[in-house]
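This report concerns only the one structure given below.
The values are calculated or read from the model by the stated rules, or taken from the named source; none is laboratory data. Owing to the predicted nature of the structure, the values given are computational and were not obtained by experimental measurement. Neighbour counts are summed over all protein chains in view; Cβ atoms, including those assigned to glycine, are modelled from backbone coordinates with ideal geometry. With ligands, DNA and RNA removed, areas are computed over all heavy atoms of the protein, side chains included. Shrake-Rupley method; radii C 1.70, N 1.55, O 1.52, S 1.80 Å.
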Amino acid sequence: MKAKHQRLVLALLAVVAIVGAALLAMSALKDQAAYFYTPADAHRDKVPVGQAVRLGGMVAGGSIKRAADGVTIDFTVTDGKDTVPVVFRGITPDLFKENSGVVAEGRFDATGRFVADNILAKHDERYMPPQVAGEMHKSESLDTGAKAKGGRT
Amino acid sequence: MIAEAGLAALWLAAALAALQFAIGALGLTRGREAMLLSVRPVAMVQAVLAALAFLCLIVVFVRVDLSVALVAANDHSAKPLMYRFAGAWGNHEGSMLMWVTILAAAGGAVALFERRLDERTLVATLAAQAFIGLGFYAFLLFASNPFSRLFPVPAEGQGLNPLLQDPGLAFHPPTLYIGYVGLSVAFSFAVGALVTRDVGAAFARAMRPWVLGAWIFLTLGITAGSYWAYYELGWGGWWFWDPVENASLMPWLAATALLHSVTVLATRDGLRAWTVMLAVVAFSMSMVGTFLVRSGILTSVHAFAVDPRRGSFILALLVLYIGGALALFALRVGTVREGSRFDPVSREGALVVNNLLLSAILGVVLIGTLYPLGAEAVTGEKLSVGPPYFNAAAGPLALILVAVMAAGPLMRWRRDELRNLVGRLALPVLLVALALLGLVLLAPPIGIFPLLGLILAAGVAAASVAPLWKRNLRRTPLFTYGMVISHLGIAVALAGMASETAFIKETLVAARVGETQTVGPWTLRFNGVKPVAGPNWTAIEATLTATRGGGRPYLLTTQARSFWTPPTETNEAAIQTVWDGQLYVVLGKGSDDGRWQLRLWWKPFVTLIWAGGGLVAFGGFLTLVGRVRRERRAARAEAWA
């Protein structure tokens, strides 16, 4: 093999590897990217059961209920137009409270309940992530600095 | 006064960077000897001035000079001395000043120590380094001035994000930044060599120690950051595929590829254009990372402030530098002579596969990190890409890469026979088979990825020490030991990751004081809770006693802390390290019926992850010392001859 040919082969291999990686990435992205929904969006778009998504809104007043085991909570997420019941097993972030912003990561079960394995909550005013602020359509600033993990990740 | 001195030093450093670029460029184009000779001292003085500016910032932070806006926003007189000191870079402006200081220091170090590179290439390199510096000085001075004054002077500062009030802040950011920004030297070398058409083995031998140095710090910084996140956040994880973590991983992947290809170029004079390309890509990834972390487009504890102007500024710098370097590469790549040839089955061939796989992983991580930003910009749709994607897409590639890593060092340069390689790999392959058999027979059923990880770790650990087999250990060069130890470190870290994933045990309960809980082989008694106070926080502290079998008891204390400047709550996990893993306990909330939420984890051999990272960096250090020593000796021998 001449040097020129070898160079060509190497360049081709590199292109194949990069294109392969891009294809692999794109196909994995299609299955694995978690989209963001408000309760109204979720009902309108009929999110498939079991698909990983994020649900954002306000924790409805008076909706947080702790189960007998002391570590499972139920609450309702609302966006003013619609509501979704959420269940979460784990330690909630400190600033997770009623009438406050929340983003839950998880999936819908067959009964239309949202099973969260992660809760992101409003934090202090100084660190404002544009994502949450934008998502909540709210003027007050929010943060995800406080985050609680539920289940295995 | 000190703030003004710092600002003046910063302006002077920027002016010197302009001078350094100008005389370098003029000296090269006009061929003025005096100009070429003055580039080195200018680079050194620029480094000293930048360091002086950074020192001034540290002083105003330590003295809590609240008339400086940055200090008022991030400092507090009640903070312990260490966090007033390290807090200087626990914010946007301060961390950018540290970035620029390291950039200037790296240029100064090249000017001071680099003796073997062709003098014209060196001048071009320092001019390129100064040109990068100019953009970031402008960013600091016009969009992120750390020294701007505040009037009226507030009575007290607003304090530092409590998550950052940890010894990790003194270690992780400087280490990571030295690695991140140290890669700028490789970038400037590549640009310099393209300008003077000097790409070859000698150039690679000169560049290698600089790449290695940056890579060691990057490895240490990532390892330290992972452990910090693990114990500070209280989520029990050691890698979250957070965009900010990816921002540090991407330069590491590129630098690792560069480290291997620069060896091919230095030893065999092959892969010329590719190595230059990787040097450009590695620092480009550092700059992309800086953009992601510092522009405020990401949601993270690292994103200190949101200011769209800063984002556009860094983006413009990115386009200028990466685009400029790629354009130069495209123009000059034709003049890079072809390197020497090699067989597909050879050390070079294995290193090419290593490079392709590392590049593919880099691509996968880059796409996953940028996709949410792109999707939001184009369609307005908000989405997040998390561990499921990265594990599925990067995991298999990483496992193949590790398998190739086992075989590569056992192959000969230029040409090898597959038959001989199989013979050399017999023992590792036998170990893999034994590990597989043992795991299938003895261990509870585990997932396919952890299973593959564990058996590969066993095989790679054996294969990585195989290059020492039948060698005179005393005459084996230090850099061979370095490679062996780094590769062994990868196997150790992989074993830790796979073991933690496969055998982790978790218990989540609401417990009363006096009750006992079990997690894995451990029994934990909940002794009680009490309030405690620190210098700028109060906390509820829970204590537990852990025992395993009839072994000695361990006392664990975990706190839920409330800081008052700024008001934030954090969880301080209780972590007990034993020889075969860690117990990890987090205290949650109390309820009216006297129960407390407790989350207990038993993580077998999780510590191997960071021990492996440390080994990888240590191996790099040995290699660096070995290389520098050998070249010193060669230079001395030349001088005698």
Report summary line: Pairing a residue in the range B:44-70 that is surrounded by 24 or more Cβ atoms within 10 Å (Cβ to Cβ) with any residue that is among the acidic types (Asp, Glu), where Cβ atoms lie under 8 Å and the two sit 6 or more apart in sequence or on different chains, gives B:Phe61/B:Asp75; B:Leu70/B:Glu93
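Inspect all residues belonging to the range B:505-528 and state whether any of them is under 26 Å from B:Trp413 (Cα atoms), buried (at least 19 other Cβ atoms within 10 Å of the Cβ), more than 23 Å from the chain's Cα centre (by Cα) and of a type outside the set (S, T, N, Q).
Here is the first cut: in the range B:505-528, the ones under 26 Å from B:Trp413 (Cα atoms) are none.
Scanning the range B:505-528 turns up no residue that is under 26 Å from B:Trp413 (Cα atoms), buried (at least 19 other Cβ atoms within 10 Å of the Cβ), more than 23 Å from the chain's Cα centre (by Cα) and of a type outside the set (S, T, N, Q).
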Requested in this report: Can you confirm whether the range B:341-359 contains a residue that is of a type in the set (Asp, Glu) and either closer than 30 Å to B:Gly94 by Cα or out of contact with any Leu (no Cβ under 8 Å at 6 or more places or on another chain) (or both)?
Outcome: yes
Query raised in the report: Here are some conditions: (1) crowded, with 20+ Cβ neighbours inside 10 Å; (2) at pLDDT below 95. B:Ala493 meets all but one. Which one does it not meet?
Result: (2)
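Does the range B:360-377 contain any residue that is small (Gly, Ala, Ser) and either away from chain A (no Cβ under 13 Å) or touching a Lys or Arg at 6+ places or on another chain (Cβ under 6 Å) (or both)? Break it down into steps so the answer makes sense when it comes.
If we filter the range B:360-377 for residues that are small (Gly, Ala, Ser), which is where we start, we get B:360, B:363, B:368, B:374-375, B:377.
Then drop every residue that is not either away from chain A (no Cβ under 13 Å) or touching a Lys or Arg at 6+ places or on another chain (Cβ under 6 Å) (or both), which leaves none.
Checked against the condition, which is being small (Gly, Ala, Ser) and either away from chain A (no Cβ under 13 Å) or touching a Lys or Arg at 6+ places or on another chain (Cβ under 6 Å) (or both), the range B:360-377 yields no hits at all.
Just checking, does the range B:231-251 include any residue being among the charged types (D, E, K, R) and open to solvent by less than 10 Å² (accessible area, probe 1.4 Å)? Don't jump to the end; show me each part of the working.
So in the range B:231-251, the residues among the charged types (D, E, K, R) come out as B:232, B:242, B:245.
The next check asks that each one be open to solvent by less than 10 Å² (accessible area, probe 1.4 Å); those that pass are B:232.
Among the residues of the range B:231-251, at least one is among the charged types (D, E, K, R) and open to solvent by less than 10 Å² (accessible area, probe 1.4 Å), which makes the answer yes.
Could you say which residue among B:Ala18, B:Ala53, B:Ala43, B:Ala47 is farther than 13 Å from B:Gln129 by Cα and in the same structural domain as B:Met96 (by TED's automatic domain parsing)?
Working: B:Ala18 fails: farther than 13 Å from B:Gln129 by Cα; B:Ala43 fails: farther than 13 Å from B:Gln129 by Cα; B:Ala47 fails: farther than 13 Å from B:Gln129 by Cα.
Just one listed residue meets the conditions, B:Ala53.
Please list, ordered by residue number, the helices (runs of 4 or more DSSP H) wholly in the range B:371-469 having 3 or more residues that are out of contact with any helix residue (DSSP H, G or I) (no Cβ under 8 Å at 6 or more places or on another chain).
Details: elements: B:387-407, B:418-424, B:426-442, B:448-465.
Correct list: B:418-424, B:426-442.
So, in the range B:387-400, exactly how many residues are at the interface with chain A (Cβ under 7 Å from one of its Cβ atoms) and either closer than 17 Å to B:Val460 by Cα or crowded, with 21+ Cβ neighbours inside 10 Å (or both)? Before the answer, list the steps.
So the first thing to find is which residues in the range B:387-400 are at the interface with chain A (Cβ under 7 Å from one of its Cβ atoms), and the list is B:387-389, B:392-393.
Still in the list and also either closer than 17 Å to B:Val460 by Cα or crowded, with 21+ Cβ neighbours inside 10 Å (or both): B:389, B:393.
So the count comes out to 2.
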**Report entry** Unmet criterion (only one of (1) of a type outside the set (Ser, Thr, Tyr); (2) outside any helix (DSSP H, G or I); (3) on the phi < 0 side of the Ramachandran plot) for B:Gly236
**Finding:** (3)
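Can you tell me how many residues within the range B:497-553 are among the aromatic types (Phe, Trp, Tyr) and under 30 Å from B:Ala78 (Cα atoms)? So that I can check it myself, show each step before the final result.
Step one: list which residues in the range B:497-553 are among the aromatic types (Phe, Trp, Tyr), which gives B:503, B:522, B:526, B:537.
Add one more test, that the residue is under 30 Å from B:Ala78 (Cα atoms), and what stays is B:537.
Count: 1.
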Query - Identity of the residue in the range B:278-296, hydroxyl-bearing (Ser, Thr, Tyr) and more than 20 Å from B:Val191 (Cα to Cα), that ends up modelled with the highest pLDDT - result: B:Thr290
**Report entry** Unique residue being among the aromatic types (Phe, Trp, Tyr), in contact (Cβ under 8 Å) with a residue 24 or more places away in the chain, within 19 Å of B:Gly182 (Cα to Cα) and surrounded by fewer than 24 Cβ atoms within 10 Å (Cβ to Cβ) when the list is B:Phe136, B:Phe131, B:Phe151
**Finding:** B:Phe131
Query - Close pairs from the range B:281-294: first over 15 Å from B:Gly179 (Cβ atoms), partner modelled with pLDDT of 85 or more and open to solvent by less than 20 Å² (accessible area, probe 1.4 Å), Cβ under 6 Å, at least 6 apart - result: B:Val281/B:Ala254; B:Phe291/B:Ile314; B:Phe291/B:Leu318; B:Leu292/B:Ala247
Query raised in the report: In the range B:344-376, how many are open to solvent by less than 40 Å² (accessible area, probe 1.4 Å), free of Cβ contacts under 8 Å to residues at least 12 places away in the same chain and more than 17 Å from B:Met250 (Cα to Cα)?
Result: 2
Query raised in the report: Mind checking whether some residue in the range A:124-142 is within 16 Å of the chain's Cα centre (by Cα), crowded, with 22+ Cβ neighbours inside 10 Å and either at pLDDT 85 or above or closer than 30 Å to B:Thr507 by Cβ (or both)?
Result: no
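Go through the range B:267-276 and report how many residues are assigned to a helix (DSSP H, G or I) and touching a Ser or Thr at 6+ places or on another chain (Cβ under 9 Å). First the steps, then the outcome.
First, pick out the residues of the range B:267-276 that are assigned to a helix (DSSP H, G or I): B:267-268, B:272-276.
When the remaining residues are screened for being touching a Ser or Thr at 6+ places or on another chain (Cβ under 9 Å), the result is B:268, B:274-275.
The number of residues fulfilling the criteria is 3.
Given B:Arg548, B:Arg599, which one is within 12 Å of chain A (Cβ to nearest Cβ) and modelled with pLDDT of 90 or more? Before the answer, list the steps.
On the way: B:Arg548 fails: within 12 Å of chain A (Cβ to nearest Cβ).
Within the list B:Arg548, B:Arg599, the selection yields B:Arg599.
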**Report entry** Complete set of residues in the range B:539-569 that are in contact (Cβ under 8 Å) with a residue 40 or more places away in the chain, open to solvent by less than 30 Å² (accessible area, probe 1.4 Å), outside any loop (DSSP other than H, G, I, E, B) and β-branched (Val, Ile, Thr)
**Finding:** B:Thr568
Query - Residues that are more than 30 Å from B:Leu28 (Cα to Cα) and of a type outside the set (A, V, I, L, M), drawn from the range B:167-197 - result: B:Pro167, B:Gly168, B:Phe171, B:His172, B:Pro173, B:Pro174, B:Thr175, B:Tyr177
Query raised in the report: Is there a residue in the range B:190-207 that is more than 14 Å from every other protein chain (Cβ to nearest Cβ), within 26 Å of B:Gly94 (Cα to Cα), open to solvent by 10 Å² or more (accessible area, probe 1.4 Å) and assigned to a helix (DSSP H, G or I)?
Result: no
